[in-house]
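What follows is a set of notes on a single structure, which appears directly below.
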Amino acid sequence: MSQFLAGPSASLRLADLGARVIKIERPETGDLCRDLYISNLELDGDSTLFHSINRNKESFTANLKEQADVQRTWKLIQQADVLIHNFRPGVMDKLGFSYEAVRAVHPTIIYAEVTGYGTAGPWRDKPGQDLLVQALSGLTWLNGDAGQPPVPFGLAVADMFAGAHLVQGILACLVRRGVSGIGGKVEVSLLESTLDLQFEVLTTYLNDGGKLPQRSAVNNAHAYLGAPYGIYSTSNGYLALAMGSVSRLGELLQCPALTAYTDPASLFSRRDEIKSIFVEHLKTNTTQYWLSILEAHDIWCADVLTWPRLLAHEAFKILNMVQTVSRGKGIDMQTTRCPIRIDGEVFLSPKGAPRLGEDTDALKREFSMS
């Protein structure tokens, strides 16, 4: 009983791992994500975003303001192992599907919910939207360079991590139920998941006298790491450099100016100064030239690939990360697969996202709904 990204991403992962997922949607409109487009790209009437996050599911339409559909939904719930929703706090209570109400008729169910900011406090009823959560969580002050304004991630990281955390809680409760027979309620929020995503840097802040993160003014990649950490232009592309001895890099790159920085403390205190030297030096030759030197000496570095170059690379191809899913009638789409392997097995799900309500009649027959 969820839409957009957080809840559906959780049920997607469970579906990838073998769960049967029935998606309860509003008649006529369905999950609003069906019309949430990325680059205006759609397939067979639904956004590709909806297709990518709702593959391998069934769609059951129900108007939860009509008693007949409410009763049909209760029949589905009574047969379920897990119920997932991501409505704002209080909505499920108004619909009659609160945890207490569901547990009363199904004591062993795992009831899992995603909220924006938890179920209490002054932000309880704020819209739980990914960009807004990134802004409120402090995350945006870690990205970009020091002279830039706050920079959000180019992905819906709050939604995706909340969905992953919901799956973890659901699986933990299923294990507990398998041992003790006890059901449970799993709660995650976009804000808490985004705070957890920052656990390293928040821990530093909490134990370092409350010093705020200082983004590098030059090629920032991590506000709490010193030089040379960052991405640098070369004469024909870009080069990523992780942690390493600056003086050693000076020797390998034949850059005498870098060899003088032997004090580890200077890697942060003089971070922008050091990075500026890397900027000027690395643009004098190609990415491949620098990689041939650095990789031979086990320096942590990498090319910076575009998607076309990545997808053409043998290292990507061997992972078999792309699968084709189908709605039938020639409606096919390429997307990523489940990233988890168990006993060496890769999990593929060729069944595409359902059309709105396409499984309603079959489910009514299966569960003897009038």
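The values are calculated or read from the model by the stated rules, or taken from the named source; none is laboratory data. Treat the numbers as computed from the prediction; the structure is a model and nothing was measured. Every residue, glycine as well, gets a Cβ built from its backbone with ideal geometry; the counts of neighbours run over all protein chains shown.
Would you confirm whether or not region 261-269 contains a residue that is surrounded by 13 or more Cβ atoms within 10 Å (Cβ to Cβ) and either touching a Pro at 6+ places or on another chain (Cβ under 9 Å) or acidic (Asp, Glu) (or both)? There is at least one residue in region 261-269 that is surrounded by 13 or more Cβ atoms within 10 Å (Cβ to Cβ) and either touching a Pro at 6+ places or on another chain (Cβ under 9 Å) or acidic (Asp, Glu) (or both).
Residues of region 169-222 that are among the small types (Gly, Ala, Ser) and closer than 15 Å to Thr140 by Cα: Ser193, Ser216, Ala221. The single condition among (1) loosely packed, with under 14 Cβ neighbours inside 10 Å; (2) assigned by TED's automatic domain parsing to the domain that holds Met160; (3) charged (D, E, K, R) that Arg327 does not meet is (1). If you go through region 20-38 and keep only what is crowded, with 16+ Cβ neighbours inside 10 Å and out of contact with any helix residue (DSSP H, G or I) (no Cβ under 7 Å at 6 or more places or on another chain), you end up with Lys23, Glu25, Arg26, Gly30.
Selection of helices (runs of 4 or more DSSP H) fully inside region 51-160 by the criterion of at least 2 residues being over 15 Å from Glu192 (Cα atoms) returns 67-78, 91-95, 99-105. For region 239-260, a residue qualifies if it is closer than 21 Å to Ala146 by Cβ, modelled with pLDDT of 95 or more and surrounded by fewer than 15 Cβ atoms within 10 Å (Cβ to Cβ), and exactly one does: Ala242. Given the condition modelled with pLDDT of 95 or more, within 21 Å of Tyr224 (Cβ to Cβ) and under 37 Å from the mean Cα position of the chain (by Cα), answer yes or no: does some residue in region 280-289 qualify? Within region 280-289, not a single residue is modelled with pLDDT of 95 or more, within 21 Å of Tyr224 (Cβ to Cβ) and under 37 Å from the mean Cα position of the chain (by Cα).
All of Ile84, Ile109 fail the test of being farther than 29 Å from Asp332 by Cα and touching a Gly at 6+ places or on another chain (Cβ under 6 Å), apart from Ile109. Kindly indicate whether Leu239 is aliphatic (A, V, I, L, M), touching a Cys at 6+ places or on another chain (Cβ under 8 Å), not assigned by TED's automatic domain parsing to the domain that holds Ala19 and not in a strand (DSSP E or B). For Leu239, the condition - aliphatic (A, V, I, L, M), touching a Cys at 6+ places or on another chain (Cβ under 8 Å), not assigned by TED's automatic domain parsing to the domain that holds Ala19 and not in a strand (DSSP E or B) - is not met. In region 163-219, which residue that is basic (Lys, Arg) and assigned to a helix (DSSP H, G or I) is surrounded by the fewest Cβ atoms within 10 Å (Cβ to Cβ)? Ranking the qualifying residues of region 163-219, first place goes to Arg176.
Count of region 336-350 residues, restricted to those that are in contact with a helix residue (DSSP H, G or I) (Cβ under 8 Å, 6 or more places away or on another chain) and either over 15 Å from Asn56 (Cα atoms) or among the hydrophobic types (A, V, I, L, M, F, W, C) (or both), is 3.
Of all residues in region 318-370, those satisfying the criterion of being within 30 Å of Ala68 (Cα to Cα) and of a type in the set (A, V, I, L, M, F, W, C) are Ala353, Leu356, Ala362, Leu363, Phe367, Met369.
For every residue, the table says whether it meets (1) in contact with a Ser or Thr (Cβ under 9 Å, 6 or more places away or on another chain); (2) modelled with pLDDT under 95.
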| residue | (1), (2) |
| --- | --- |
| Leu32 | no, yes |
| Ser59 | yes, no |
| Thr73 | no, no |
| Leu76 | no, no |
| Ile84 | yes, no |
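When residues in region 331-346 are screened for being among the basic types (Lys, Arg) and in contact (Cβ under 8 Å) with a residue 60 or more places away in the chain, 1 of them pass. With respect to Lys126, is the statement that it is touching a Leu at 6+ places or on another chain (Cβ under 8 Å), of a type outside the set (S, T, N, Q) and surrounded by fewer than 18 Cβ atoms within 10 Å (Cβ to Cβ) true? Judged against the criteria, Lys126 is a match. Condition check: within 24 Å of Val157 (Cβ to Cβ), of a type in the set (D, E, K, R) and modelled with pLDDT under 90. Does Asp44 satisfy that? No. In this structure, Thr360 qualifies as in contact with a strand residue (DSSP E or B) (Cβ under 6 Å, 6 or more places away or on another chain), over 30 Å from Ala257 (Cβ atoms) and modelled with pLDDT of 95 or more.
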